[in-house]
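A.B. asks: Please read through the structure below; I'll follow up with questions.
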4 protein chains.
Amino acid sequence: MDSNHLTAIRDLVRTFVNERDWDQFHTPKNLACAMNVEAAELLEHFQWLATGSAQELGAGKLLEVRHELADTLVYLVRLADKLDIDLGAAVEEKMVLNRAKYPADQVRGDARKYDQYKS
Amino acid sequence: MDSNHLTAIRDLVRTFVNERDWDQFHTPKNLACAMNVEAAELLEHFQWLATGSAQELGAGKLLEVRHELADTLVYLVRLADKLDIDLGAAVEEKMVLNRAKYPADQVRGDARKYDQYKS
Amino acid sequence: MDSNHLTAIRDLVRTFVNERDWDQFHTPKNLACAMNVEAAELLEHFQWLATGSAQELGAGKLLEVRHELADTLVYLVRLADKLDIDLGAAVEEKMVLNRAKYPADQVRGDARKYDQYKS
Amino acid sequence: MDSNHLTAIRDLVRTFVNERDWDQFHTPKNLACAMNVEAAELLEHFQWLATGSAQELGAGKLLEVRHELADTLVYLVRLADKLDIDLGAAVEEKMVLNRAKYPADQVRGDARKYDQYKS
């Protein structure tokens, strides 16, 4: 198993959930809530920092960030699984849209949101 | 390229960011904010629904959910990249901790948070 | 002091922050992060529940929800304070816009987002 | 009516909701989701900024922040209303707990989370 493959993570989570009979709680809505909760637990580590670099975080907080990232990814993969969404295909598809919304030669070095480029 | 491999997504995002000279905005803190914003845009589609099943969402909203999931994953992978975190290893590591925190024979069919099992 | 008045809460928070010399951390961005973190801690109590009614929460969780609501409000009021925003006036102003976006006779009993009414 | 009084905001929201027959959607869980969604829309305005000061935001974004703060407060007040929570009393109660958790003479000028002070 290659643990950096999204189907491997999906299968790992499926097994974990089935062993605990937790599928009954895994509505897409509940999973979307849980993913947001984990994402915010990650944000908590950064809220008072300047940039949140590995150095600024320090080893202890970096480990916690690592675990919160894992938790967020687990719920993200589980939500995609319950809605039969192929995440790799979704990312490819969305990046095509992003390339059209943010043409490199127009937005280079500028972080304004794309809809500010329309006018 | 296998688009369901996290290193493929990481490389796709790196190219996209470098073409736009956006790395300067990608502090871990800013990426954690952006990931939370995308996760909440996903949640918005579910906020008034009962369960958010594919049927309840309908085709139009399901496509939007697919795109918000992709956006959230892109920022998640980018944040891991900037902190040199191997996501696959992090998930494996966290799932070992989760197995210890939520022993299958004690939590089966029960969604209470693990710290309620301590007493 | 009437503790349900937003200026009373603002003043209570100002005193608390000044006693701790924490104003230096209270950039609007950091406070927006902190408000989101508290809001998600509140959401955590609801993530696996059906409706999150007082009965379903139970007394213990209801008390925790009460405290998370307070924390969220404290950061919200502090953020408004740092940006010189009069929250009462902002709510009045926004409700006028909401009344225009969601005319009662068109949206009655329907929770779809307003932009679905445009076509 | 004093629009900075939380009971005035509560009553304004009650009227708005009743005119639209939207109370049926206002479970505490749904309102917690909606509050998080609005809080993240606010965060979006800050995600690529340094501090998010009024000057850095500029007049246009400051107005949007003002509206997102109002939206977040509206859902916060509505959620408290549905759970019969007196927000002013909750804030007073929580600030007493915060004073005990973060004694001014121990935490002055230090933003670390309180549980790091225990050891």
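The values are calculated or read from the model by the stated rules, or taken from the named source; none is laboratory data. Everything numeric here is computed off the predicted structure, so don't read it as measured data. So basically every Cβ, Gly included, is an ideal-geometry build from the backbone, and we count neighbours across all protein chains shown. Surface areas here come from the heavy atoms of the whole protein model, side chains and all, with no ligands, DNA or RNA. Shrake-Rupley method; radii C 1.70, N 1.55, O 1.52, S 1.80 Å.
A.B. asks: Can you give the log10 of the normalised intensity I(q)/I(0) at q = 0.07 Å⁻¹, computed with Debye over equal Cα scatterers of the protein assembly as shown?
C.D. replies: Results for the protein assembly as shown at q = 0.07 Å⁻¹ read -0.35.
A.B. asks: Note down the magnitude of the dipole of chain B about its Cα centre, charges +1 on Lys and Arg C-beta and -1 on Asp and Glu C-beta and zero elsewhere, to the nearest 20 debye.
C.D. replies: Result for chain B is approximately 500 debye, rounded to the nearest 20.
A.B. asks: Need the per-residue list for the range B:4-25: every residue with at least 30 Å² less accessible surface in the complex of protein chains than in the chain by itself, probe 1.4 Å, sorted by number.
C.D. replies: Residues losing area: B:Asn4, B:His5, B:Leu6, B:Leu12, B:Phe16, B:Glu19, B:Arg20, B:Trp22, B:Phe25.
A.B. asks: Out of residues 5 or more away from B:Trp22 or on other chains, whose amide H comes under 5 Å of its own, with H placed 1.01 Å from N in the peptide plane?
C.D. replies: When sequence neighbours closer than 5 places are left aside, the close amide H contacts are A:Gly109.
A.B. asks: Got a sec to turn the phi values of the range C:68-81 into Karplus ³J(HN,Hα) couplings, 6.51 cos²θ - 1.76 cosθ + 1.60 with θ = phi - 60°, whole Hz, x for Gly and Pro?
C.D. replies: With the stated coefficients, the range C:68-81 comes to 5, 4, 4, 4, 4, 5, 4, 5, 4, 5, 5, 4, 4, 4 Hz.
A.B. asks: Nearest 100 Å² is fine: what is the total accessible surface buried where chains B and A meet, probe 1.4 Å?
C.D. replies: 6600 Å²
A.B. asks: Between the range C:18-58 and the range D:19-75, what is the separation of their alpha carbon centroids in Å?
C.D. replies: Here the two parts' Cα centres lie 14 Å apart.
A.B. asks: Sticking with this one: Does the range A:1-84 come out rounded, prolate or oblate by the C-alpha gyration tensor, with a ≥ b ≥ c the root eigenvalues, rounded set by a/c under 1.5 and, if not, prolate when a/b is larger than b/c and oblate if not?
C.D. replies: prolate
A.B. asks: Here's a follow-up. So if each residue of separation counts as 0.36 nm, and I subtract the Cα-Cα distance between D:Ala89 and D:Lys61, what length gain in nm does that give?
C.D. replies: Full-extension gain reported as 6.8 nm.
A.B. asks: If exposed means no more than 10 neighbouring beta carbons inside 10 Å and the site is in a DSSP loop, what's the longest run of chain D without any exposed trypsin sites (Lys or Arg not before Pro)?
C.D. replies: After excluding every exposed loop site, the longest remaining stretch is D:1-111.
A.B. asks: Which of the lysines could a cross-linker span from B:Lys61 if the Cα-Cα distance has to be under 23 Å and same-chain partners fewer than 8 positions apart are dropped?
C.D. replies: The reachable lysines, counting only those whose Cα sits under 23 Å from B:Lys61, are A:Lys29, A:Lys82, A:Lys94, A:Lys101, A:Lys113, C:Lys101, C:Lys113, C:Lys118, D:Lys29.
A.B. asks: Something else: Tell me the net charge near C:Thr7. Cut-off is 11 Å between Cβ atoms, C:Thr7 excluded, with +1 for each Lys or Arg and -1 for each Asp or Glu.
C.D. replies: Here the count lands on -3.
A.B. asks: Quick one: in chain D, whose Cβ comes closest to the D/B rotation axis, and how close in angstrom?
C.D. replies: Here the value is D:Ala40, 2.
A.B. asks: Considering only protein heavy atoms and a probe of 1.4 Å, how much of the accessible area of chain B is carbon and sulfur, as a whole percent?
C.D. replies: 48 percent
A.B. asks: For C:Asp2, go 7 angstrom from Cα along the Cα-to-Cβ vector, then report the distances to that same point in the other copies in nm, smallest first.
C.D. replies: 0.4, 6.5, 6.6
A.B. asks: Which ³J(HN,Hα) values in Hz, rounded to whole numbers, follow from the phi angles of the range B:43-54 under the Karplus curve 6.51 cos²θ - 1.76 cosθ + 1.60, where θ = phi - 60° and Gly and Pro get x?
C.D. replies: Once rounded to whole Hz, the list reads 4, 4, 5, 9, 4, 9, 8, 6, 10, x, 4, 3.
A.B. asks: Could you work out [θ]222 nm for chain A from helices alone, using -39500 (n - 2.57) per DSSP H run of at least four and dividing by all its residues? Round to the nearest 500 deg cm²/dmol.
C.D. replies: Values: 5 runs with 80 residues, N = 119.
It comes out at -22500 deg cm²/dmol, rounded to the nearest 500.
A.B. asks: Report the relative contact order of chain D, percent, no decimals, based on alpha-carbon pairs under 8 angstrom and at least 6 residues apart.
C.D. replies: So the answer I get is 32 percent.
A.B. asks: Taking a label point 7 Å from Cα toward Cβ, how far is B:Gly109 from its twins in the other copies, in nm, shortest first?
C.D. replies: 3.8, 5.9, 6.4
A.B. asks: Over chain A, average the accessible area per residue using a 1.4 Å probe and give it in Å², no decimals. Spell out each step's value before the answer.
C.D. replies: Values: 5010 Å² over 119 residues.
Heavy-atom accessible area per residue stands at 42 Å².
A.B. asks: Placing the label point 7 Å from Cα along the Cα-to-Cβ direction, what are the distances from C:Val96 to the equivalent spots in the other copies, shortest first, in nm to one decimal?
C.D. replies: Ordered by distance, the counterparts are at 4.1, 4.6, 6.1 nm.
A.B. asks: Of B:Tyr102, B:Thr72, B:Gly58, which is farthest on the positive side of the dipole of the range B:27-119, counting Cα position, with +1 on Lys and Arg Cβ, -1 on Asp and Glu Cβ, and the Cα centre as origin?
C.D. replies: Sorting the options by dipole projection puts first B:Tyr102.
A.B. asks: Taking accessible area as the heavy-atom solvent-accessible surface of the protein chains with a 1.4 Å probe, which residues of the range B:33-47 lose no less than 40 Å² upon going from the isolated chain to the full protein assembly?
C.D. replies: B:Cys33, B:Met35, B:Asn36, B:Val37, B:Ala39, B:Ala40, B:Leu43, B:Glu44, B:Phe46, B:Gln47
A.B. asks: Next question, about the same structure. Shape of the range C:1-42 from its Cα gyration tensor (a ≥ b ≥ c, root eigenvalues): rounded if a/c is under 1.5, otherwise prolate when a/b > b/c, or oblate?
C.D. replies: Values: a/c = 2.43, a/b = 1.23, b/c = 1.98.
Oblate is the answer for the range C:1-42, as a/c is 1.5 or above yet b/c matches or exceeds a/b.
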